[in-house]
Amino acid sequence: MIAPHILTARRRMDLIRPALRLGVGSAHLVGICGSGMKALAELLLGLGWKVTGSDLRPMTPLHRKMRERGVRIHSGHDDSFLPRDVDVVVHSPAVGPNNPELRMAVRLGIPQMSYSQMLGHLMQTRVGVAVAGTHGKSTTAAMTATILGGSRLSASAVFGAELCDTGASGWAGTGDILVTESCEYQRSFLDLRPRFAAILGIEPDHFDCYKSFADMKAAFAGFSQCVEAGGVMLVRADCAASAEVVESTAAEVVTFSNAEGADWWATDERRGSAGVRFRIFFRGDYFSEISLRTRGRHNVLNALAAAALSHHAGATPQEIREGLALFPGIRRRFETVGWWRGVTLIDDYAHHPTEVRATLATAREEFCTRKIWCAFQPHQVSRTNALMSEFAESFSPADEILIAPVFAARESLQEEPITTAQELASRIAARGQAVRFCPSLDQIISTLEDESRPGDVLITMGAGDIDRVPHEFTRRLQRRHTA
């Protein structure tokens, strides 16, 4: 018997138990506390599935809410956690084949799927809307899901970040549309067959799984070929790599930009205390005026892409306006998490030079002459080394920069997280900026305690656990208030 975890995606679908082919069943999620897996669990629960799971990471309040809905979530991994009658085992990309629950599934003959393969399975009987690209896909997917989920189309959704108001990142609608964030890591987006898709832009990234930028572009070209013939492939007009990879798609290619000349373009941006307003034109004609609560010029482009996707999927201009006006933002994307001793605390997921630059530019626009502290935790040694020069140039809007050791996700390294971060600090210092290497998050906290002043702004950035810093300050305030 061939082990299920090495079957091709098509053969894997053939082995799925009858309950799953009918669209409902039971699933055990290994790595359920990951952002995408948690969203998938929310979707499956909404569709009526029975869900169990396990994870090494601590549970969040939302996972505890899932427990209240009957989801049994185990701490750690053990073959005894796997229900013997489960229809399918779904695993996070971070979970390897030696996981005891996956090995038990092999012995019991229970089919296995990766997270992206499960999304592909669910999309088979639905109209898929998929958002890909190096930057902005979580926000754009969440915006699109908010529009289509709140419209008469009642779309279902799965994306890799939580909405700021409800904490949701996945849900089941009553319609036949499924909106997904589609990640290029390990080419997982090739498991999807959407009717409507977007590529928001392509830059070099994921150096641990792509040997070159050409290799990465080839993966995106493969994704564009996954879009249904007769569907829509939305691409950013001013990204040459995006234009290149969609040349072979069978779908209709539609462009978007913040400059006239694209099929969809945004203009007349007006910023105020409540966010930003702008107008959208589609193929030369006025389409709608949009009010957006989220800040930053990059979010205007994200909203434009969400509006275009939603329109092609069937939403009206009014539904698009209302959906974007209500969009609360997603966590860890320029999220104000509190105030401490008069210091504004903002947390952001930025871990690529383009994202760092956009986040700090937004902060400088928002806070003008106030002192901006940036505490940055690089994510992966391979990414930091490959983009060292670009990273060094991306912090110019900040006044004080604190660099933590690299968060070496998926990398087995010893000294490199420290030496690589020290090299980044040296490169930034060579540009004349005030920067320090801090060997731990605790030292970042103590430095800010000693040197920050009322009116300052602290932005923590990175895809690791740098968000511990602002949450530590807010916890201290809560303890004082309680006392």
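Label separation (residue 388 vs residue 215): 2.0 nm, computed from points 7 Å beyond Cα along the C-beta direction. Pairs of Lys residues in the chain, spaced 8 or more positions apart or belonging to different chains, with C-alpha separations under 27 angstrom: 7 in total. Treating r as the C-beta distance of residue 176 and residue 316 and R0 as 22 Å, the FRET efficiency rounds to 0.80. Sites listed here are trypsin sites (Lys or Arg not before Pro) in the range 99-208 whose DSSP assignment is loop and whose Cβ has at most 16 other Cβ atoms within 10 Å: 152.
With 10 Å bins beginning at zero, the pair-distance distribution over Cα atoms of the chain amounts to 4, 19, 29, 28, 16, 4, 0 %.
Model label sites at residue 229 and residue 474, defined 7 Å from Cα along the beta-carbon direction, differ in position by 5.1 nm.
Could you sort 64, 383 by accessible area so the largest value comes first, with the probe set to 1.4 Å?
Numbers: 64 115, 383 5 Å².
Greatest to least solvent exposure: 64, 383.
How about the range 426-463: which trypsin sites (Lys or Arg not before Pro) there are in a DSSP loop, with at most 10 other Cβ atoms within 10 Å of their Cβ?
On the way: sites: 427, 431, 436; in loops: 431.
Here no trypsin sites (Lys or Arg not before Pro) fit, given the DSSP loop and packing criteria.
Of all segments of the chain bounded by GluC sites (Glu not before Pro) found in a DSSP loop with no more than 13 other C-beta atoms within 10 Å, the longest spans 1-246.
Over the C-alpha atoms of the range 345-444, the Rg to Rh ratio, Rh being the Kirkwood estimate, stands at 0.95.
Residue 186 label point, 7 Å along Cα→Cβ, cut-off 17 Å on backbone N: hits in the range 196-216? Of the residues in the range 196-216, 206-211 have backbone N under 17 Å from the label point off residue 186.
Per residue, how much accessible surface does the chain expose to a 1.4 Å probe? Answer in Å², no decimals. Can you show the working numbers first?
Numbers: 19770 Å² over 483 residues.
With all protein chains present, the chain gives 41 Å² per residue.
Please work out how much length the chain gains when fully extended from residue 415 to residue 279, using 0.36 nm per residue of separation minus the C-alpha to C-alpha distance, in nm with one decimal. All intermediate terms of the calculation are to be shown ahead of the outcome.
Details: separation 136, 0.36 × 136 = 48.96 nm, distance 5.04 nm.
Once the chain is fully extended between residue 415 and residue 279, it gains 43.9 nm.
Considering all C-alpha pairs of the range 409-468, those separated by over 15 Å amount to 63%. When nucleic acids and ligands are ignored and a 1.4 Å probe is applied, residue 253 ends up with an accessible area of around 60 Å². Heavy-atom accessible area, probed at 1.4 angstrom with all protein chains present, ranks 217, 211, 65, 38 as 211, 65, 217, 38, highest first. Each Cα pair under 8 Å and six or more residues apart adds its separation to the average, and for the chain the resulting relative contact order is 11 percent.
Please give the contour-minus-distance gain from residue 336 to residue 107: 0.36 nm per residue of separation, less the Cα-Cα distance, rounded to one decimal in nm. If you can, show how the numbers build up before the last one.
Details: separation 229, 0.36 × 229 = 82.44 nm, distance 4.78 nm.
The residue 336-residue 107 span can extend by a further 77.7 nm.
All other residues with a Cβ under 11 Å from the Cβ of residue 137 taken together, and with Lys, Arg as +1 and Asp, Glu as -1, what is their net charge? Write down the numbers at each step before the final one.
On the way: positive: none; negative: 181, 184.
Net local charge, residue 137 excluded: -2.
Taking 0.36 nm per residue of sequence separation and removing the Cα-Cα distance, the residue 259/residue 240 pair yields an extension gain of 5.3 nm. To check you understand DSSP bridge types, tell me what percent of the beta bridges within the chain (both residues inside) are antiparallel, rounded to 5. Rounded to the nearest five, the antiparallel share is 25 percent.
Between residue 442 and residue 365, the simple spin-label model (points 7 angstrom out along Cα→Cβ) gives 4.0 nm. Quick one: if the Förster radius is 41 Å, what FRET efficiency do residue 154 and residue 64 give, using the C-beta to C-beta distance and rounding to 0.05? That gives a FRET efficiency of 0.90. For the set 104, 461, solvent exposure ranked by accessible area (probe 1.4 Å, protein chains only) runs largest to smallest as 104, 461.
The values are calculated or read from the model by the stated rules, or taken from the named source; none is laboratory data. Note that the coordinates shown come from a computational prediction; the quantities given were computed from them, not determined experimentally. Methodologically, a virtual Cβ is constructed for each residue, glycine included, from the backbone with ideal geometry; neighbour enumeration extends over all protein chains shown. Heavy atoms of the whole protein, side chains included, go into the accessibility calculation; ligands, DNA and RNA do not. Shrake-Rupley method; radii C 1.70, N 1.55, O 1.52, S 1.80 Å.
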